[in-house]
Amino acid sequence: MNRGKMLMLLICLAVGAMSGVKGEDPYVFYEWNVTYGTASPLGVPQQVILINGQFPGPQINCSSNNNIVVNVFNKLDEPLLFTWSGVQHRKNSWMDGTPGAQCPILPGTNFTYRFQIKDQIGTFFYYPTTSMHRAVGGYGMIRVFSRLLIPVPYPDPEDEFNVLIGDWYTKTHATLLKLLDSGRSIGRPAGVLINGKTAKGDGSDEPLYTMKPGKTYKYRICNAGTKNSLNFRIQGHVMKLVEMEGSHVVQNTYNSLDVHVGQCFTVLVTADQEPKDYYLVASTRFTKVVLTGKGIIRYENGKGPVSPAIPEAPAGGIAWSLNQFRSFRWNLTASAARPNPQGSYKYGQIPITRTIKLVGSNSKVQGKNRYALNGVSHVDPDTPMKLAEYYGIADKVFKYNTISDEPPSNLGSITVTPNVLNITFRTFIEIIIENHEKSMQSYNLDGYSFFAVANEPGRWAPEKRKNYNLLDAVSRHTVQVFPNSWAAIMLTFDNCGMWNLRSELAENRYLGQQLYISILSPERSLRDEYNLQNTTLLCGLVKDLPMPPSYSS
């Protein structure tokens with residue numbers, strides 16, 4: 001086991017022992033001060049969001065089943081929320097950090113997130129869901145290690161490195177917000193960052209990481225950007241893919257990886273080249289103007305500068321990227337963090353109880369641009385929908401199923417309203433997402449992982465099911481949808497709560513291309529969902545209401 005992982009596990013165990021509660025999984029505590037600050041990621045001073053003075057923010061380190069406690073002090077001048085993308089929050093959408101489930105942390109106040117990384121491993125990241133905050137920072141890596149008793153399907157690396165990539169704007173988030181609120185687009189990003197900066201390539205750059213010759217390292221890569229898919233590659237090196245969004249995968253090797261917005265990959269890289277400096281490269285995909293970000297890795301005692309010849313992205317475009325998606329396979333022989341070992345959950349043999357087909361669109365509403373799913377453009381009410389449900393006043397805040405299971409014939413007509421889809425607890429659902437646009441899409445579902453069973457050009461039809469991967473599709477929480485294409489996902493909705501299905505593209509999400517899925521406990525039972533905590537923030541119509549009866553055991 002490498003030193004970093006051993007230290008992490010010892011810290012987790014020590015903190016858990018100090019908690020004084022026998023029989024509980026270990027606790028890991030964090031305290032965050034969220035502030036504005038000035039940085040120059042692209043050489044231009046601008047306002048960014050810092051966590052404890054850091055951009056990107058501090059990493060969260062834990063092991064499967066650890067309890068995470070993050071005390072967030074909001075020192076911004078605006079409300080703030082954080083979501084933990086990929087963390088499933090079993091029975092606990094109260095801590096998901098989306099406006100549909102939680103009241104915001106007001107300026108000058110604090111709130112403590114408490115959640116368990118239940119039966120999960122892998123690479124994830126957190127970010128703010130309020131306003132356009134993610135476009136200017138506030139994001140960081142979440143690393144979830146396997147417990148010691150659960151084997152990992154590869155040798156322990158010498159060390160591991162975080163790589164947060166993403167497109168970047170030099171405009172402030174307030175400026176981006178004004179553009180969207182006025183009906184305009186935020187336009188093209190100014191550049192691409194790797195860990196909050198990009199190398200100049202003039203010999204003055206310090207390396208992001210240093211490797212020992214002959215040793216193998218783990219790289220955790222996440223696209224935390226706002227708009228563009230990125231191709232990631234390491235000059236002169238191949239990458240062995242070992243994990244994707246919480247699932248061990250068949251270990252294929254790649255010269256480069258297309259990482260779509262919101263997605264995370266974990267790869268192994270061996271330092272088997274000439275000892276010198278090499279570039280990490282991330283460049284925009286499927287764009288007329290290609291923007292590139294660079295970082296430097298250095299061999300210990302290396303004797304040469306980085307080569308100026310930056311490796312190019314694949315020339316195959318969408319077809320190449322689609323084929324790469326199809327090469328991703330779940331590792332059915334690996335042990336898993338969850339109770340059911342990977343491979344024992346035969347999702348391809350479960351009868352589908354409901355098919356939901358979603359088509360994205362955008363159109364003008366009262367002269368301003370809006371994005372929608374099946375003709376409904378979501379807007380957040382003042383009272384989070386989850387709280388309205390719990391307090392029994394949902395009918396005063398939103399209507400269920402304004403959206404239909406099939407797209408309307410006229411996608412140009414858009415209704416702006418809270419968009420909440422009700423799905424029956426523990427039913428197995430097929431969701432089709434069609435992209436009729438000329439640009440890439442990427443979608444995320446909170447509270448779950450799903451099986452991404454297909455991704456194809458054209459339009460979906462029932463006979464397309466014969467092309468589904470019903471054996472070893474990767475269990476993950478994001479899926480890309482290529483231009484004029486469709487994607488299919490399948491899952492059992494067994495996690496009660498109010499969960500956000502959203503476009504990961506910040507502009508689309510802010511302007512309504514998202515919905516919430518409500519999964520209610522039929523018996524209001526603690527077996528299905530946790531009670532509202534006494535520390536939960538209250539706002540809107542529920543602020544002064546008496547606490548409703550608790551769920552029973």
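The values are calculated or read from the model by the stated rules, or taken from the named source; none is laboratory data. Given the structure is predicted, the values throughout are model-derived calculations rather than measurements. Glycine gets a Cβ as well: all are built from the backbone with ideal geometry, and neighbour counts include every protein chain shown. Surface accessibility is based on the protein's heavy atoms, side chains included, excluding ligands, DNA and RNA. Shrake-Rupley method; radii C 1.70, N 1.55, O 1.52, S 1.80 Å.
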Mind counting the residues in the stretch 376-423 that are over 26 Å from the mean Cα position of the chain (by Cα), open to solvent by 30 Å² or more (accessible area, probe 1.4 Å) and aliphatic (A, V, I, L, M)?
1
Of all residues in the stretch 218-255 being out of contact with any helix residue (DSSP H, G or I) (no Cβ under 9 Å at 6 or more places or on another chain), within 20 Å of W320 (Cα to Cα) and of a type in the set (S, T, N, Q), the one that is most open to solvent (accessible area, probe 1.4 Å):
N255
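Residues checked against (1) closer than 30 Å to L526 by Cβ; (2) open to solvent by 10 Å² or more (accessible area, probe 1.4 Å); (3) aliphatic (A, V, I, L, M):
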position: A39; (1), (2), (3): no, yes, yes
position: Q47; (1), (2), (3): no, yes, no
position: F82; (1), (2), (3): yes, no, no
position: T98; (1), (2), (3): yes, no, no
position: P128; (1), (2), (3): no, no, no
position: L149; (1), (2), (3): yes, yes, yes
position: P153; (1), (2), (3): no, yes, no
Failed item, numbered, when P207 is tested on (1) within 30 Å of Q480 (Cβ to Cβ); (2) at pLDDT 95 or above
(1)
Top-ranked residue of the stretch 480-508 - restricted to ones that are touching a strand residue (DSSP E or B) at 6+ places or on another chain (Cβ under 7 Å) and part of a loop (DSSP other than H, G, I, E, B), ranked as most open to solvent (accessible area, probe 1.4 Å)
N484
Would you please list the contacts, defined by Cβ atoms under 7 Å and residues six or more apart or on different chains, that run from a residue in the stretch 34-50 that is within 13 Å of F73 (Cα to Cα) to a residue that is charged (D, E, K, R) and open to solvent by 60 Å² or more (accessible area, probe 1.4 Å)?
V34/K75; T35/K75
Which numbered condition A473 fails, given (1) surrounded by fewer than 21 Cβ atoms within 10 Å (Cβ to Cβ); (2) assigned to a loop (DSSP other than H, G, I, E, B); (3) not β-branched (V, I, T):
(1)
Looking at the stretch 263-274, is at least one residue of a type outside the set (A, V, I, L, M, F, W, C), buried (at least 16 other Cβ atoms within 10 Å of the Cβ), closer than 27 Å to Q441 by Cβ and in contact with a strand residue (DSSP E or B) (Cβ under 6 Å, 6 or more places away or on another chain)?
yes
Could you check the stretch 344-375 and list, in sequence order, the residues that are hydroxyl-bearing (S, T, Y), modelled with pLDDT under 95 and open to solvent by 60 Å² or more (accessible area, probe 1.4 Å)?
S344, Y345
Kindly indicate whether any position in the stretch 91-99 is in a strand (DSSP E or B), under 21 Å from I51 (Cα atoms) and touching a residue at least 24 places away in the same chain (Cβ under 8 Å).
no
Looking at E529, E523, can you tell me which residue is charged (D, E, K, R), at pLDDT below 95 and either out of contact with any Cys (no Cβ under 8 Å at 6 or more places or on another chain) or in a loop (DSSP other than H, G, I, E, B) (or both)?
E523
Give just the number: which of (1) open to solvent by 10 Å² or more (accessible area, probe 1.4 Å); (2) closer than 23 Å to W168 by Cα; (3) assigned to a strand (DSSP E or B) does D77 not satisfy?
(3)
Among the listed residues F265, F286, which satisfies the condition of being closer than 26 Å to N61 by Cα, at pLDDT 95 or above and either under 22 Å from the mean Cα position of the chain (by Cα) or not hydrophobic (A, V, I, L, M, F, W, C) (or both)?
F265
Just to be sure before I move on: is Y299 at pLDDT 90 or above and in contact with a Pro (Cβ under 7 Å, 6 or more places away or on another chain) in the structure I sent?
yes
Out of the stretch 308-332, which residues are under 12 Å from S256 (Cα atoms) and open to solvent by less than 20 Å² (accessible area, probe 1.4 Å)?
S321, Q324
